[in-house]
Amino acid sequence: MIYFSIITVVKNGENYLYDCLNSLNNQNFKKYEHIIIDGGSTDNTLKIIKEFKKIKKKNKIRLFKFKNKGLYQSLNYGINVAKGEYVGVLHSDDFFYSSKILSKIKKILLNKTFDLIYSNIIFCKRDDKKKYIRSFNPGKYQKNKFQQGWHFPHTSMIIRRGLLNNVNNYNTKFKIAADYDLMLKLISRNPIIKYYDKVTTVMRHGGKSNKNIMSIIKANLECRNSLIKNDYNYPTFIIIKKIIRKIFQLSF
């Protein structure tokens, strides 16, 4: 039985991919699959994956080639081929904080069936994974917190696959903020949610939504459009509160 499907989308990710692969391969809970969607890499990405699979004989990698598609289209493809009961995302330049992440989440799920589990994440310098910049410790979920600019850390989310299918996965009309839109769709179904108050994922700074000022502006405009689509009142004020919350995230 496969319990977790962890999806990684990559295109020309040779610089950081090994840390991602290794952090998942080192998990002491082994009932998972690592779905890797390659978007048409022209560097050594595929060679790294091939060599990793050769060296790590018991790897759980399922590699798919999905050329020239966007991030969220690729994630949807990964969800559609997933076999696990729960689905998570691990970006190609990110990695799990320890080798016990999946086992600890599985232990939580032994006591009660949750639709969504989320946790804390840490950001590190792009070229120094041991140099932490800031943390994102969201605190306990309450539905009305989204009106205050609150949201889950996307890469900390482990979601029951059936719930993802019920909300039609990611909306690919959003190019940067489909993850935020997904959160709004998920909570509209009143899922059973658990906050795991520990760090699970380390993200390298400089992702798609925060690599420059224009990306930040575009991401927040998309978030506003998603709020409107999901019938939230005062979307502009929610986005302002969201930006303020991010400014006050804990820095190291």
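Points worth noting:
- Legend: ranking of residues L71, L164, L63 from fewest to most surrounding C-beta atoms inside 10 Å; resulting order L63, L71, L164.
- Reciprocal mean inverse distance between Cα atoms of segment 120-252 - Kirkwood radius, Å: 15.6
- From the coordinates shown, Rg/Rh (Cα atoms, Kirkwood Rh) corresponds to which of (i) 1.08; (ii) 1.25; (iii) 0.94: (iii)
- Between the helical axis of 235-247 and the longest alpha-carbon principal axis of the chain there is an angle of about 60 degrees.
- Springs between Cα atoms under 10 Å define the GNM used for the chain, and in it the highest mean-square fluctuation of R161, R204, R189 occurs at R189.
- Set of aspartates and glutamates near K56 by C-alpha distance (under 19 Å), chain-local residues within fewer than 8 positions excluded: E14, D19, E33
- Above-threshold pairs, the threshold being 21 Å between Cα atoms, out of K31/K53; K58/K112; K53/K107; K60/K125; K129/K175: K58/K112; K53/K107; K60/K125; K129/K175
- Against the chain, whose longest principal axis comes from its Cα atoms, helix 101-111 is set at around 60 degrees.
- What the Cβ-Cβ distance of L63 and Q249 gives, at R0 = 35 Å and to the nearest 0.05, is a FRET efficiency of 0.50.
- One decimal place: the segment K106-D231 gains 41.6 nm when fully extended, by the rule 0.36 nm per residue minus the C-alpha distance.
- Each DSSP beta bridge with both residues in segment 4-247 is either parallel or antiparallel, and the antiparallel ones are about 30%.
- As a length-normalised measure over Cα pairs under 8 Å and 6 or more apart, the relative contact order of the chain settles at 22 percent.
- Value at 222 nm in deg cm²/dmol, rounded to 500, when DSSP H runs of n ≥ 4 in the chain each add -39,500 (n - 2.57): -10500 deg cm²/dmol
- Compared with the dominant Cα axis of the chain, that is its longest principal axis, helix 213-229 is turned about 70°.
- For segment 1-27 versus segment 138-194, the gap between their alpha-carbon centres in whole angstrom: 22
- Selected from L110, L163, L182 as most flexible by GNM, with the chain as the system and alpha-carbon contacts under 10 Å: L110
- Gaussian network model of the chain, springs between alpha carbon atoms under 10 Å - residue of V89, V199, V81 with greatest fluctuation: V81
- Packing-based exposure ordering (other Cβ within 10 Å, fewest first) of C20, C223: C20, C223
- Remark on I2: its backbone amide H falls under 5 Å from none of the residues 5 or more positions apart or on other chains, H modelled at 1.01 Å from N.
Here, each number is a calculation from the coordinates, and none is a lab measurement. This one's a predicted model, so the numbers in the text were calculated from it and none came from an experiment. For neighbour counting, all protein chains shown are included, and Cβ atoms are generated from backbone atoms with ideal geometry for every residue, glycine included.
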